[in-house]
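A.B. asks: One structure, pasted below without further comment.
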Amino acid sequence: MDIKQSKILILDYGSQYTQLIARRVREADVYCEIYAWDADSEDIKAFDPNGIILSGGPESVHMAGAPTLNKVILDMNVPILGVCYGMQLLNVHFGGEVEGSDEKEFGYAEVNVTGESDLFKTLDHKQLDVWMSHGDKVKSLGSVFNATANTTSTPFAACQHKELPIYGVQFHPEVEHTKDGREILAQFVHKVCGCEKLWKTDNIIDTHVDNIRSLVGEEKVLLGLSGGVDSSVVAALMHKAIGKQLVCVFVDTGLLRHNEGDDVMTVMAEKMDINVIRVNAQERYYEALKGESDPEKKRKIIGELFIRIFEKEARDLDGIQWLAQGTIYPDVIESAGAKTGKAHVIKSHHNVGGLPEDLELKLIEPLKDLFKDEVRQLGVNLGLAAELVHRHPFPGPGLGVRILGEIKAEYADILARADHIFIQELRNHDLYHKTSQAFAVFLPVKSVGVVGDARRYEYVIALRAVETIDFMTARWAHLPYEFIDLVSRRIINEIAQVSRVVYDVSSKPPATIEWE
Ligand code: XMP
């Protein structure tokens, strides 16, 4: 079965929601890819999609140098759906007018379905709660279009070509706040484009397993396990495909979460019977980091030491031909955008860099066409615990950026214990998944406390919890006072070296999520 046989192409005009469109299409069990709006026409044709979606974008169609419509897509005889900026482009192309505006319509709007529309015909109501985010709007429709929906502020909230399967919506069906958005997009991909539901987790696993087997054959593959979601899922998938031909190296840096080293070994090596070599490098890390308190230098030391250790393991192992990496689709989109300079927001990647080329390993990236939520689902279907698969993100340098200033083994131990209490209680109180990332931070300053009659002069732990969608901006989580009180008391009572707990109430920006 070719699970990419039915597919949608999304042309990205720079909207912050473009990846959401792709995720909605995939949730409808249909494969899709995102290309930049000015992708090569030959590449677009070669992809041979069953339908094309034009995303929204921050520009105005009237601006000099604004992204344009690639006419080639109109000759491909496939359905087209323009979202927001995409709808405006289609209208301008067909002789309509788009009106500039300094004011943005942003947020909820009520849309009335007024005409016959292929997109809305499965809905049993005519009033839709939608999410708008636009400045410009269509002033007059291209003559080939009929209006199919309006709002109080525009008669053209959606349109449909009179003869061809070409559609536009001014609102954003891809965002969660548009209540019928999933259904509208599903209707487009299934009914209008005729895509089959082939992109399902079990099919994805079977196909990826086949692909890995035919690529790797009898050869051996090396994988760096970090304890994080992506590398764990790569391990589970590769293990299913090639069993003991996979060798994992897990470096315990001494900067991992509480018990993480042992947990990784229990889950991966014992329960899943995966080949894992554990390298206990805690002392080497503390030694290398001694006396260093500059955050960027700490990051560099941690990253470089990892590469050196991993490289040594790779050289010591016999007959390894491949290196597996946990690259996922958003990384691919991001680095493509970074290369062409087209990405509007490029999240800085602080991850551990590549390995020296003289290792001469061939690269295999089995998750590189998957979004994070798909990776998680794959992990669950492959038998990884939901708790592991749905963990908060954890930075590459680990506790190294959560111990302010110089790193010492003693500090890492205190921090890991405090962090564990915080996370455990978040889980107990059903708050873990209400925050996007939560952790403790070690402050190497001593503060006075009193226990019984004795004064204590001990360290400070800060608790950090944020809510965010994209980690570019974040709001501090408004956890209940009683909960913070409980965590604070547990940390101070159970960890003798801590006399004070504080809660971080800074949002990003201007603060960052991590403290270093
Ligand atoms: P900041 O602190 O920049 O964090 O607001 C945003 C997200 O990135 C993670 N982060 C890192 N991840 N290596 C990583 O792999 C790093 O050096 C690093 N620094 C920050 C952070 O945990 C948050 O999810």
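The values are calculated or read from the model by the stated rules, or taken from the named source; none is laboratory data. No experiment lies behind these values; they were computed from the predicted model shown. Here the Cβ positions follow ideal geometry from the backbone for every residue, glycine too, while neighbour counts run over all protein chains shown. Heavy atoms of the whole protein, side chains included, go into the accessibility calculation; ligands, DNA and RNA do not. Shrake-Rupley method; radii C 1.70, N 1.55, O 1.52, S 1.80 Å.
A.B. asks: Give, as ranges by residue number, the residues of the range 472-516 whose backbone N falls under 18 Å from the point 7 Å along Cα→Cβ of D262.
C.D. replies: It comes to 495, nothing else.
A.B. asks: Taking the Cα-to-Cβ direction at N77 and at E410 and moving 7 Å from each Cα, how far apart do the two end points lie in nm?
C.D. replies: Using points 7 Å along Cα→Cβ, the separation is 7.7 nm.
A.B. asks: Same structure again: Provide the gained length on full extension for the span T512 to D453, in nm with one decimal, where the gain is 0.36 nm per separating residue minus the Cα-Cα distance.
C.D. replies: 17.3 nm
A.B. asks: Extending each Cα 7 Å along its Cβ direction at R489 and N146, get the distance between those two points in nm, one decimal.
C.D. replies: 6.7 nm
A.B. asks: Which far-off residues, 5 or more places away or on another chain, put their amide H under 5 Å from the one on E516, with H placed in the peptide plane?
C.D. replies: HN-HN under 5 Å from E516: empty list.
A.B. asks: Using a 1.4 Å probe on the protein heavy atoms, what percent of the accessible area of the chain belongs to carbon and sulfur?
C.D. replies: Here carbon and sulfur together make up 49 percent of the probe-accessible area.
A.B. asks: Right, another one. Go through K240/K408; K191/K372; K71/K139; K179/K200; K290/K362; K200/K434 and tell me which ones have a Cα-Cα distance over 29 Å in this structure.
C.D. replies: Pairs exceeding 29 Å: K240/K408; K290/K362.
A.B. asks: Next question, about the same structure. From the phi of every residue in the range 403-416, what ³J(HN,Hα) in whole Hz does the Karplus formula 6.51 cos²θ - 1.76 cosθ + 1.60 yield, where θ is phi - 60° and glycine or proline is x?
C.D. replies: 9, 5, x, 5, 9, 9, 4, 4, 5, 4, 5, 4, 5, 4
A.B. asks: Another question about this same structure. Quick one: which residues, 5 or more positions from A474 or on another chain, have an amide H under 5 Å from its amide H? H modelled 1.01 Å from N in the peptide plane, none for Pro or chain starts.
C.D. replies: So A474 has HN proximity to K508.
A.B. asks: Lys and Arg at +1, Asp and Glu at -1: add these up for the other residues within a Cβ distance under 15 Å of G303 and post the number.
C.D. replies: Surrounding charge for G303 is 0.
A.B. asks: Helix 372-381 versus the longest principal axis of the chain: what angle, 0 to 90°, nearest 10, using Cα atoms?
C.D. replies: 70 degrees
A.B. asks: Now for a separate question. With θ set to phi - 60°, apply the Karplus curve 6.51 cos²θ - 1.76 cosθ + 1.60 along the range 500-508 and write out the HN-Hα couplings as whole Hz, x wherever there is a Gly or Pro.
C.D. replies: So the J values, rounded to whole Hz, are 7, 10, 10, 10, 7, 10, 10, 9, 10.
A.B. asks: Angle, helix 229-242 long axis vs. longest principal axis of the chain, Cα atoms, 0 to 90°, nearest 10?
C.D. replies: The angle comes out at about 80 degrees.
A.B. asks: Okay, next question. Which value at 222 nm does the chain reach when only helices count, each DSSP H run of 4 or more adding -39,500 (n - 2.57), with the total divided by all residues and rounded to the nearest 500 deg cm²/dmol?
C.D. replies: Only helices count here, giving -9500 deg cm²/dmol.
A.B. asks: While we're on this one: According to a simple spin-label model (label point 7 Å from Cα along Cα-to-Cβ), what is the distance in nm between T122 and E196?
C.D. replies: 1.8 nm
A.B. asks: Could you go through the range 15-25 in sequence order and give the Karplus-derived ³J(HN,Hα) for each residue, using 6.51 cos²θ - 1.76 cosθ + 1.60 with θ = phi - 60°, rounded to whole Hz, and x for Gly and Pro?
C.D. replies: Per-residue couplings from phi come out as 5, 5, 9, 4, 5, 5, 4, 4, 5, 5, 5 Hz.
A.B. asks: Could you state the angle between the C-alpha long axis of helix 481-494 and the longest principal axis of the C-alpha atoms of the chain, as a value from 0 to 90 degrees rounded to the nearest 10?
C.D. replies: Between the helix axis and the principal axis of the chain, the angle is about 30 degrees.
A.B. asks: Now for a separate question. Leaving out ligands and nucleic acids, and using a 1.4 Å probe, what accessible area per residue does the chain come to in Å²?
C.D. replies: Dividing the accessible area of the chain by its residue count gives 46 Å².
A.B. asks: Hey, can you grab everything whose amide H is under 5 Å from the amide H of V276? Only 5+ residues off in sequence or another chain; H modelled, so Pro and N-termini drop out.
C.D. replies: C248
A.B. asks: Per residue and in cubic angstrom, what volume does the convex hull of the Cα atoms of the range 354-504 have?
C.D. replies: It comes to 163 Å³ per residue, whole-number rounded.
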